[in-house]
1. Is one or more of the residues making up segment 8-22 exposed (fewer than 10 other Cβ atoms within 10 Å of the Cβ), closer than 30 Å to P111 by Cβ and either touching a strand residue (DSSP E or B) at 6+ places or on another chain (Cβ under 8 Å) or modelled with pLDDT under 90 (or both)?
2. Among the residues of segment 37-61, write down those that are farther than 16 Å from L106 by Cβ and either in contact (Cβ under 8 Å) with a residue 60 or more places away in the chain or not hydroxyl-bearing (S, T, Y) (or both).
3. Which of the residues spanning segment 95-106 are on the phi < 0 side of the Ramachandran plot and surrounded by fewer than 16 Cβ atoms within 10 Å (Cβ to Cβ)?
4. Which one of these does I130 not meet: (1) closer than 17 Å to L59 by Cα; (2) touching a strand residue (DSSP E or B) at 6+ places or on another chain (Cβ under 6 Å)?
5. Looking at this structure, is A25 exposed (fewer than 11 other Cβ atoms within 10 Å of the Cβ), modelled with pLDDT of 90 or more and among the aliphatic types (A, V, I, L, M)?
6. Quick one: E69 ticks every box in (1) touching a residue at least 24 places away in the same chain (Cβ under 8 Å); (2) of a type in the set (D, E); (3) under 18 Å from E50 (Cα atoms); (4) in contact with a Lys or Arg (Cβ under 8 Å, 6 or more places away or on another chain) bar one, so which box is it?
7. When you scan segment 49-134 for strands (runs of 3 or more DSSP E) that lie fully inside it, which ones turn up with 2 or more residues that are closer than 30 Å to V39 by Cβ and in contact with a Phe, Trp or Tyr (Cβ under 6 Å, 6 or more places away or on another chain)?
8. Select from segment 37-80 the residues that are surrounded by 14 or more Cβ atoms within 10 Å (Cβ to Cβ) and of a type in the set (G, A, S) and write down the one among them that is modelled with the lowest pLDDT.
Amino acid sequence: MSRTPFAPAVSGMTLIEILVVLLIAGLVASIALPRLDRVVEGTRLRGEREQILEALSSLPYEAYVQGQEIHLAGQAPGIDLPKGWVLEVEPPMTYRLNGLCTGGRLSLVRPDGGREVYEVAPPVCKPRLIGSGN
């Protein structure tokens with residue numbers, strides 16, 4: 001009489017192993033998810049800032065196309081800002097018909113209260129970050 005070989009053991013995970021994996025996944029999620037909100041908010045603010053800087057960079061062209069000077073003073077009327085942003089201009093700046101500007105400083109105040117200061121140097125008028133803070 002011949003003996004049959006033992007059947008191979010069924011491989012798989014035990015309930016304890018599955019629970020340990022779920023516990024580790026829960027711990028990782030509890031650490032990562034609160035930070036995810038800050039990452040999303042930071043990305044949104046960077047996108048809005050880039051949109052504002054693009055609008056400012058296009059002002060020389062807008063003055064040329066419209067055939068009239070564009071004046072920025074105080075809290076910069078005429079620039080469409082996202083909700084919560086404030087643009088302060090000091091000293092007042094003028095974008096001339098030929099696309100050149102008088103230069104000055106711009107302060108962008110973010111919705112979270114942080115401030116970024118840009119220098120706009122004539123004649124090219126491209127904003128350049130010179131300082132930031134919260």
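1. Within segment 8-22, none of the residues are exposed (fewer than 10 other Cβ atoms within 10 Å of the Cβ), closer than 30 Å to P111 by Cβ and either touching a strand residue (DSSP E or B) at 6+ places or on another chain (Cβ under 8 Å) or modelled with pLDDT under 90 (or both).
2. The answer is D37, R38, V39, V40, E41, G42, R44, L45, R46, G47.
3. Let us first name the residues in segment 95-106 that are on the phi < 0 side of the Ramachandran plot, namely 95-98, 100-102, 105-106.
The answer is L97, N98.
4. The single condition I130 does not satisfy is (1).
5. yes
6. All conditions are met except number (3).
7. Of the strands (runs of 3 or more DSSP E) lying wholly inside segment 49-134, those with at least 2 residues that are closer than 30 Å to V39 by Cβ and in contact with a Phe, Trp or Tyr (Cβ under 6 Å, 6 or more places away or on another chain) span 127-133.
8. Only one residue tops the list, namely A76.
The values are calculated or read from the model by the stated rules, or taken from the named source; none is laboratory data. Everything numeric in this text was worked out from a predicted model, so none of it was measured. All Cβ positions, even for glycine, are placed from backbone atoms using ideal geometry, and neighbour counts span all protein chains on display.
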